[in-house]
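> Here it is, the structure in full.
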Amino acid sequence: MAEVQELVTRLTKQFGCERESLLPILQDYVEEKRYLSKEAMVEIARQLDLSAADVYGTASFYSFLDTEERGEYVIRVCKSIIAEMKGKKEILRTLEDLLKVKVGGTTSCKKFTLLETNDIGWSDKEPSMLINDVPFTDLTPDKVIKIIAEYRKK
């Protein structure tokens, strides 16, 4: 808990303790720790003088602010209508078969988490996905197999 408190204190010194500091604090916390634990959200609420429900409501609204522990590599497949029309289902099926998890799941080795997310901004190059912050576009099942093979080597 002391580590959580120290990090939140550092972030509040950096961004301030006003309500409008909440989102930058949440973003930086996730960047550093990969997800927002319940303890972190309570501590952020305490230091910003907000309710824990307010912090959780903000965090859970944004799909990139994970409130659950995820794998080392978080794969977010775009679920826009354009992605759907260009073969997203086949890409998801390939990923589920390769990773042996369904959407929302994390591999038993904790290396990969497979998620769907709203438009990630690559509509002209669908289907697309992010692995952590790295975009992959114009996906095909063969391309996905090669990408995952490279990440397995890391």
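Values quoted throughout were computed directly from the atomic coordinates according to the rules given, and no laboratory measurement underlies them. Keep in mind the model is a prediction, meaning the values are calculated, not measured. Every residue, glycine as well, gets a Cβ built from its backbone with ideal geometry; the counts of neighbours run over all protein chains shown.
> Does the chain classify as rounded, prolate or oblate by the C-alpha gyration tensor (a ≥ b ≥ c root eigenvalues; a/c under 1.5 gives rounded; else a/b over b/c gives prolate, otherwise oblate)?
Values: a/c = 2.68, a/b = 1.98, b/c = 1.35.
In terms of gyration-tensor shape, prolate.
> Residues with beta-carbon under 14 Å from that of Leu11, excluding Leu11: net charge, scoring Lys, Arg +1 and Asp, Glu -1? Before the final figure, lay out each step's value.
Values: positive: Arg10, Lys13, Lys33, Arg46; negative: Glu3, Glu6, Glu18, Glu20, Asp28, Glu31, Glu32, Glu43.
Here the count lands on -4.
> Order by neighbour count: Ser51, Ser37, fewest other Cβ atoms within 10 Å first, most last. The partial results should precede the final answer.
Working: Ser51 11, Ser37 15.
With the fewest neighbours first, Ser51, Ser37 line up as Ser51, Ser37.
> Please compare each pair in Lys89/Lys125; Lys86/Lys110; Lys88/Lys154; Lys86/Lys143; Lys88/Lys110 to a cut-off of 19 Å on the Cα-Cα distance and tell me which ones are over it. It would help to have the intermediate numbers written out before the result.
On the way: Lys89/Lys125 15 Å; Lys86/Lys110 30 Å; Lys88/Lys154 25 Å; Lys86/Lys143 15 Å; Lys88/Lys110 24 Å.
In this structure, Lys86/Lys110; Lys88/Lys154; Lys88/Lys110 exceed 19 Å between Cα atoms.
> Now for a different question. What number comes out for the charge environment of Gly71, summing +1 per Lys or Arg and -1 per Asp or Glu over other residues with Cβ under 13 Å away? Write down the numbers at each step before the final one.
On the way: positive: Arg34, Arg70, Arg76, Lys100, Lys110, Lys111, Arg152, Lys154; negative: Asp66, Glu68, Glu69, Glu72.
Spelling it out: positives minus negatives among the neighbours equals +4.
> Any chance you could run the full-extension gain for Met85 through Arg34? It's 0.36 nm times the residue separation minus the Cα-Cα distance, nm to one decimal. Each step should come with its number before you reach the end.
Numbers: separation 51, 0.36 × 51 = 18.36 nm, distance 3.15 nm.
Going from the current span to full extension adds 15.2 nm.
> Please check which bits of region 64-83 a label hung off Thr137 would reach, taking the label as a point 7 Å along Cα-to-C-beta and the cut-off as backbone N under 18 Å.
Flagged as within label range: 76-83.
> Normalised by the number of residues in the chain, what is the relative contact order in percent for Cα pairs under 8 Å and 6+ residues apart?
Values: 217 pairs, mean separation 29.4, N = 154.
Once normalised by length, the contact order is 19 percent.
> Shape verdict for region 39-115, please, from the Cα gyration tensor: rounded (a/c under 1.5), prolate (a/b greater than b/c) or oblate.
Numbers: a/c = 4.62, a/b = 1.89, b/c = 2.45.
In terms of gyration-tensor shape, oblate.
> Calculate the spin-label point distance for Thr117 paired with Ser63, positioning each point 7 Å from the Cα along the beta-carbon direction, and give it in nanometres.
The answer from the label model is 0.8 nm.
> To the nearest 20 Debye, how big is the dipole of region 2-61 about its Cα centre, given +1 on the beta carbon of each Lys and Arg and -1 on that of each Asp and Glu? Walk me through the intermediate numbers first.
On the way: 7 positive and 11 negative charges, 14 e Å.
The dipole magnitude comes to about 60 debye.
> Just to confirm my numbers, what's the Cα centroid distance between region 30-44 and region 107-128 in Å?
22
> Pulled fully out, how much extra length does the chain show between Asp124 and Val103, if you take 0.36 nm times their separation in residues and subtract their Cα-Cα distance? It would help to have the intermediate numbers written out before the result.
Values: separation 21, 0.36 × 21 = 7.56 nm, distance 2.37 nm.
This chain segment gains 5.2 nm when fully extended.
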